[in-house]
Amino acid sequence: MTRRRIGWIAGAAAAVLVAAGGVTYAVAEDSGGGGARSTVPGAESADAGFARDMAVHHQQAVEMSYIVRDRTTDADVRRLAYDIAQTQANQRGMLLGWLDLWGLPKVSAKAPMAWMGMGDMPERGDGSLMPGMATNTELRKLQSLSGKQAEVFYLQLMTDYHKGGIHMAEGCVARCTVGVEKRLAQGMVDAQQSELQVMAGMLKERGAKPRS
C-alpha cells in the first residue's frame, strides 16, 4: 500500500514538472518576454524572492534525500527519497532559470522570507535559514545514522521541511504575479501535502511520529 501511494506521489510530481514544460517560454510570456502586456518582476518582488528562497530550501531537501539513500536499504524510503530529490532538483533548476531569464540576482541583501513579510523572523541558526530547514548539526546526525534510525530521522526532518516549504509556496500563490510560477507553487503545495500523509504513515509503521 505504501509503495502504491509513493508511486502515485511520484506520478503527481512528474505531472507538475510536465505541466511546467516549456516553462521558459511560458514565463517569458507571463513576464513580458513575448510581448509588452506586462513587465519583468523586480529584484525585490515576491516572484524573485520566492524563486531565490525556494531554490535554497530545495537544495537542502535534495541533500538530505541523497544522504538517506546511502544510509538505508529500505526500498520504500529509498524510492521516496529519490522521487523527492529528482523533483526538487528539477524545480530548483526552473526557479534559478527564471531568475536568469529575468536578469535578476540569485542572492539578496534582504533576509530570507522578506518578500512575504517574514524577514524579521529569527533564524534557527546553524545553517537553518528558513522554516523547515534542518541545521548543520541535524544533517551531521543524519549522516551518522543507518537503517531504521536514519529512516525515522529523515522522515522527521523532511516532514518539518515540507511544512515550511508549503507555507512558503502558499505565500507565492498569494503574492506572485507570474502565472506559471504561481501554478508551480500550487503544485508544490499539493504534492508536498500528499507526501506529508505518506511520511506520517511511514513513521507510524516504524513506531515513530513527526517531531511537531
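Laid out as a table, the results:
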item: Cross-chain or 6+ apart pairs with Cβ under 6 Å, segment 171-195 first and farther than 18 Å from residue 40 by Cβ and of a type in the set (Ser, Thr, Tyr), then open to solvent by less than 40 Å² (accessible area, probe 1.4 Å) and assigned to a helix (DSSP H, G or I); result: 194/9
item: Extreme residue, farthest from the chain's Cα centre (by Cα), among residues of segment 87-101 that are touching a residue at least 12 places away in the same chain (Cβ under 8 Å) and open to solvent by 20 Å² or more (accessible area, probe 1.4 Å); result: 101
item: Qualifying helices (runs of 4 or more DSSP H) (wholly inside segment 133-212; at least 3 residues being farther than 25 Å from residue 55 by Cβ and open to solvent by 80 Å² or more (accessible area, probe 1.4 Å)); result: 179-205
item: Breaking point among (1) assigned to a loop (DSSP other than H, G, I, E, B); (2) touching a Ser or Thr at 6+ places or on another chain (Cβ under 8 Å), for residue 115; result: (1)
item: Cβ pairs under 7 Å, 6+ apart, first in segment 136-156 and farther than 14 Å from residue 69 by Cβ, second of a type in the set (Lys, Arg) and outside any helix (DSSP H, G or I); result: 148/206; 152/206; 156/211
item: Odd one out for residue 104, checked against (1) exposed (fewer than 13 other Cβ atoms within 10 Å of the Cβ); (2) at pLDDT 95 or above; (3) part of a loop (DSSP other than H, G, I, E, B); result: (1)
item: Qualifying position, being more than 14 Å from the chain's Cα centre (by Cα) and under 19 Å from residue 98 (Cβ atoms), among 180, 189, 198, 152; result: 180
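Condition check ((1) under 15 Å from residue 81 (Cβ atoms); (2) hydrophobic (A, V, I, L, M, F, W, C)) across all residues:
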position	(1), (2)
126	no, no
129	no, yes
143	yes, no
157	yes, yes
170	no, no
190	no, no
194	no, no
199	yes, yes
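The values are calculated or read from the model by the stated rules, or taken from the named source; none is laboratory data. Computed from a predicted structure; not experimentally measured. Glycine also receives a Cβ, built like all others from the backbone with ideal geometry; neighbour counts cover every protein chain displayed. What goes into the accessible areas is simple: the full protein's heavy atoms, side chains included, and nothing from ligands, DNA or RNA. Shrake-Rupley method; radii C 1.70, N 1.55, O 1.52, S 1.80 Å.
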